[in-house]
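These notes concern the structure reproduced below.
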Protein chains: 2
Amino acid sequence: MSGKFYSVGIGPGNPEFITLRAAKLIKSADIIAIPVKKYGEKSTAFDIVEKAFDLKDKRIEEIEFLMSSDKAVRLESRKKGIEKIAAFLESGKNVVMITLGDVSIYSTCTYINKQIKNLGYENEIVSGVPSFCAAAAKAGISLCEENEALAVIPAVNTELDLKKVIEMFDNVVIMKAGKNIDKIYACLKNLGMTENAVVTSCVGMENEVIEPIKENGSYGYFTTVIIKKQGFTVPDI
Amino acid sequence: MSGKFYSVGIGPGNPEFITLRAAKLIKSADIIAIPVKKYGEKSTAFDIVEKAFDLKDKRIEEIEFLMSSDKAVRLESRKKGIEKIAAFLESGKNVVMITLGDVSIYSTCTYINKQIKNLGYENEIVSGVPSFCAAAAKAGISLCEENEALAVIPAVNTELDLKKVIEMFDNVVIMKAGKNIDKIYACLKNLGMTENAVVTSCVGMENEVIEPIKENGSYGYFTTVIIKKQGFTVPDI
């Protein structure tokens, strides 16, 4: 009998934000699969899981998905990765592939899951807490209330006009914002809204930062800016 | 010593999607607080927690937050609710207030948390899996990939032009869509995109529905429509 494939979101960084279902699957997995951009690369997702569970008797397998700008290279790498997973499943092993945050948010896992499913293997996607939810929680703010709308955009998306998005939406989450603070700050200044944004970086990790946006700020990869048109003030009772 | 206040997201419906942290807090809480729109009202969040944990020795307290159209009535009710929580904290009890999904997404919990904090009590917001992530997982689709943008809007938001949002964003999540399928369908038809939307209702519950959008569909309160401009097809390897 073939094994089953699980794409599992492990949440934003702190092992305590792993769900009961993800914990159960990780503990009972035959193989923990770690998607990497390059074999041997450090995996933040694996670091978190390793801290939380005893994995010494587990088989750990990196699966390489190259991020080349050449589409043919990317597809060939994906094909190899999926064939590697399929071989494990074919041998009857259950494979739990882990990803940071939630599976549906900026992860290749749903894509891989679909292809595994198309090959005829049983599979399940297991949701996790997205990083922007944890960022909002740590900043003590909501992402949307009542009938408000929320936009989630990566800082590197050049097709969307950031000013227009901020004008249209009550709340805006800008992901991967670490190297784009200047651009975001300039846009907010233009709209008179520099007081309406908070920078969150490495939430739940040791080097966590939560602070108002400032000109010339520079942060790491796991940086999210949250903009709230209504501001951050909650009236006292 | 005063107690601590926790606003805890318990995820989208299935108790297995509760996080390890939420589980630990619920188990050790002195008081489980259930926000209700009216005293005596059925709480879906409590039903889930009750299924997952042994609560027979716990003190369970409903906290009423009236949803009146009269702002003064709403604020007065909030004030009373917060005073009730504060009295528990003052007596040294830890209070865990539970909410469906994540705390930052369409919940009053961040608001209540801020007011409790303003009164000087220790507090913590504990993120959960938002319902739209679980909906995407069950539908086997992503909410955003690579540099794509995502919009999350409630169906009842009349300030936003739905057509414009769909045109601008790669992916759109429409919450509380149960009674607004006609409006959404008409908009998609107008854009030639009726094949690009999936309806998800009561995800993780017994009466779960996942199906393509259809004209004249009508569903319950917990209904989310996910629209993907790129469609749902993933190429075979």
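The values are calculated or read from the model by the stated rules, or taken from the named source; none is laboratory data. What you see is a predicted model, and the numbers here were worked out from it, not measured in a lab. Here the Cβ positions follow ideal geometry from the backbone for every residue, glycine too, while neighbour counts run over all protein chains shown. Calculation scope for accessible area: heavy atoms of the full protein, side chains included, ligands and nucleic acids excluded. Shrake-Rupley method; radii C 1.70, N 1.55, O 1.52, S 1.80 Å.
Observations on the model:
- Restricting attention to the range A:107-132, the residues that are surrounded by fewer than 24 Cβ atoms within 10 Å (Cβ to Cβ) and assigned to a loop (DSSP other than H, G, I, E, B) total 5.
- Among (1) without any contact (Cβ under 8 Å) to a residue 40 or more places away in the chain; (2) open to solvent by 30 Å² or more (accessible area, probe 1.4 Å), the one test that A:E208 misses: (1)
- Filter result for the condition that a residue is more than 8 Å from every other protein chain (Cβ to nearest Cβ) and either part of a strand (DSSP E or B) or open to solvent by less than 10 Å² (accessible area, probe 1.4 Å) (or both), over A:V96, A:V152: A:V96
- For the range A:44-59, the set of residues classified as more than 17 Å from A:G9 (Cα to Cα) and either aromatic (F, W, Y) or open to solvent by 40 Å² or more (accessible area, probe 1.4 Å) (or both) consists of A:D54, A:K56, A:D57, A:K58, A:R59, listed by residue number.
- Elements of the type helices (runs of 4 or more DSSP H) sitting completely within the range B:1-93 and holding at least 2 residues that are within 11 Å of chain A (Cβ to nearest Cβ) and within 22 Å of A:C133 (Cβ to Cβ): these cover B:20-28.
- Number of residues in the range A:183-237 that are at pLDDT 95 or above, touching an Asp or Glu at 6+ places or on another chain (Cβ under 9 Å) and over 16 Å from A:I141 (Cα atoms) equals 6.
- Of the residues in the range A:192-204, none is more than 19 Å from A:G220 (Cα to Cα), open to solvent by 20 Å² or more (accessible area, probe 1.4 Å) and within 7 Å of another protein chain (Cβ to nearest Cβ).
- Among residues of the range B:37-81, those that are of a type in the set (D, E, K, R), touching a strand residue (DSSP E or B) at 6+ places or on another chain (Cβ under 9 Å) and over 18 Å from B:L25 (Cα atoms), counted: 6
- Taking the conditions (1) open to solvent by 40 Å² or more (accessible area, probe 1.4 Å); (2) more than 7 Å from chain A (Cβ to nearest Cβ); (3) under 14 Å from the mean Cα position of the chain (by Cα) in turn, B:A135 satisfies each one other than (1).
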